[in-house]
Structure formats: structure tokens, C-alpha cells
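Peer 1: Questions regarding the structure given below will be posed in turn.
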Amino acid sequence: MEKNSVYMNIKSRRTVRKYLQTAVPEEVLLKCVDAARLSPSGANMQPLSYVIVNDQKLLKPVFNTLSLAGYLPDYRPKEEEMPKAYIVILVDNKIARTPNHDAGIAAMSISMVAYDEGLGSCILASVDRKKLGEILNVPEGLAIALVVALGYPAENPVVETVKDGDIKYWLDENGVLHVPKRDLQDIVRWNNCPF
């Protein structure tokens, strides 16, 4: 299997919550949104639009509307580890038939293109939507679906096997984040075999 295959990128990409304080190039942010734009959409309705946030004055207010690292409250990034950009995914509810599906697909496309460009990302659904909408002047009729935090990674999370059903990520004594994933054989059944 080739090194840069989609499968290998998905396998090696992890959610990043702590970032270096290096600006993300605008052309990379546009490339991420373009990938989302070209992604599948239920019935090709294309109900999504995007707000790219990279203004230094807005980064902290946007950050303050997000909940990161729910399993490890003390692991929340400090100001000097905050994301350096965000892509906010908006849904036009007058158009949408499958808004959650479309937003999830778009977020993953953004995340994978970001990874390919050397960035880390964190897809966030735990958002104070009212406050964020006010900060970004989101008009009525558009709803905030997800936020993708972006930046150059300041951490390198690793995958672990789920033990005793515990899916909570954890920190080791060296401060490395471990992310448990269920084994393939535990989640796959072929054809009509019982679970």
C-alpha cells in the first residue's frame, strides 16, 4: 500500500487540540473549503456555506465558544496553543434535506485536506452556537452545524486499542494523548451474520 493513500492518511490522522502559533496560509484554507464544496451532498442539494476565521482579533472569541477535550478538562489548550484558524460550516435549513450528513462529510473533507497540507484539525460539535453566530454575524436562516479548528500541530496523539470498553482518550506520563479505537473485528459483520 502506498504511503500517501487515502486509507493511510485516515489511519495516521488524529484529532489535534494543541497548535503551534504559526499562521495558516489563506490558500490552504480556501483549498480545504473547496474540498468541502466538491464533497458529496444528499440529493446534490448543497445546503452548506462556510466562514473562514483567521483574523487574530477573532481567534480567541471564537475559541471561547468551543468545548475541546471533554474527557480531559485540564487538557484544554492554553492561549498559546489555540487553533490559528477555523472553518465554520453553516447549513441553509431551507435547502437542506440531510444537513447533518452533509456537514459531517464536509468536515471530514476539510480535515483530510488539512492533514495532507501538514495541519492538524479538530471537528467540533460542542459549540455555543448563539454566541458564535453573534461574533461572526451569521444571518437568520443559516445554522452553525460544525466548526473545524485548524493549525500546525503542537502534539502527536496516538491510537490505542479499546480496553474493557473504555473509549475515553487519556494522557500518559509524557503528556502524549492516547486515543482508543474499537478493533475492526468487534464492529464488522458480514452479510446477515448475527452480531
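Peer 1: Grab the eigenvalues of the alpha-carbon gyration tensor for the chain, scale each by 5, take roots, and send me the semi-axes largest first in whole angstrom.
Peer 2: Square roots of five times the eigenvalues give 27, 23, 17 Å.
Peer 1: What is the percent of Cα-Cα separations in segment 88-173 that go past 22 Å?
Peer 2: 43
Peer 1: Over the chain, with a Gaussian network built from C-alpha contacts below 10 Å, which listed residue (110, 167, 123) shows the highest mean-square fluctuation?
Peer 2: Greatest mean-square fluctuation among the candidates belongs to 167.
Peer 1: How much FRET efficiency would the formula 1/(1 + (r/R0)^6) give for residue 9 and residue 67, where r is the Cβ-Cβ distance and R0 is 22 Å, rounded to 0.05?
Peer 2: With R0 = 22 Å, the Cβ-Cβ based efficiency is 0.25.
Peer 1: Return the calculated 222 nm mean residue ellipticity for the chain, to the nearest 500 deg cm²/dmol, obtained by summing -39500 (n - 2.57) across DSSP H runs with n ≥ 4 and dividing by the residue count.
Peer 2: -8000 deg cm²/dmol
Peer 1: Kindly state, to the nearest 0.05, the FRET efficiency for residue 81 paired with residue 158, given R0 = 22 Å and r defined as their beta-carbon distance.
Peer 2: The computed FRET efficiency comes out at 0.75.
Peer 1: Still on this model: Subtracting the Cα-Cα distance from 0.36 nm times the residue separation, let me have the gained length for residue 44 to residue 117 in nm, one decimal.
Peer 2: 23.6 nm
Peer 1: Which of the residue pairs 94/168; 78/130; 130/181; 31/163; 60/163; 11/131 have a Cα-Cα distance greater than 31 Å in the structure shown?
Peer 2: 94/168; 130/181; 31/163; 60/163; 11/131
Peer 1: Additional query: For the residues 22, 15, what sequence is obtained by ranking on other C-beta atoms within 10 Å, fewest first?
Peer 2: Fewest to most other Cβ atoms nearby, the residues stand as 22, 15.
Peer 1: Next up: Taking H placed 1.01 Å from N in the peptide plane, check which residues at least 5 places from residue 160 or on another chain put their amide H under 5 Å from its amide H.
Peer 2: Excluding prolines and chain starts, which carry no amide H, the hits are 179, 181.
Peer 1: Under a Cβ-only charge scheme (Lys and Arg +1, Asp and Glu -1), can you give me the dipole magnitude of the chain about the Cα centre, in debye to the nearest 20?
Peer 2: Using Cβ point charges on Lys, Arg, Asp and Glu, the chain gives about 340 debye.
Peer 1: Taking the Cβ of residue 117 as the centre, find all other residues whose Cβ is under 11 Å away and add up their charges (Lys, Arg: +1; Asp, Glu: -1).
Peer 2: Local net charge: -1.
Peer 1: Near the amide H of residue 13, under 5 Å away, which other amide H atoms are found, from residues 5 or more places off or on another chain, if H is placed in the peptide plane?
Peer 2: none
Peer 1: Now for a separate question. For a Förster distance of 30 Å, can you work out the FRET efficiency between the beta-carbons of residue 193 and residue 128, rounded to the nearest 0.05?
Peer 2: After rounding, the FRET efficiency stands at 0.10.
Peer 1: Shifting gears a bit: Using modelled amide H (1.01 Å from N, peptide plane; none on Pro or chain starts), what sits under 5 Å from the amide H of residue 145, excluding residues fewer than 5 places away?
Peer 2: 89, 90, 91
Throughout, read-outs are computed from the coordinates displayed, never taken from laboratory work. Just so you know, these numbers come straight off a predicted model, no measurement behind them. Heads up, the Cβs are rebuilt from the backbone with ideal geometry, glycines too, and the neighbour counts pull from every protein chain shown.
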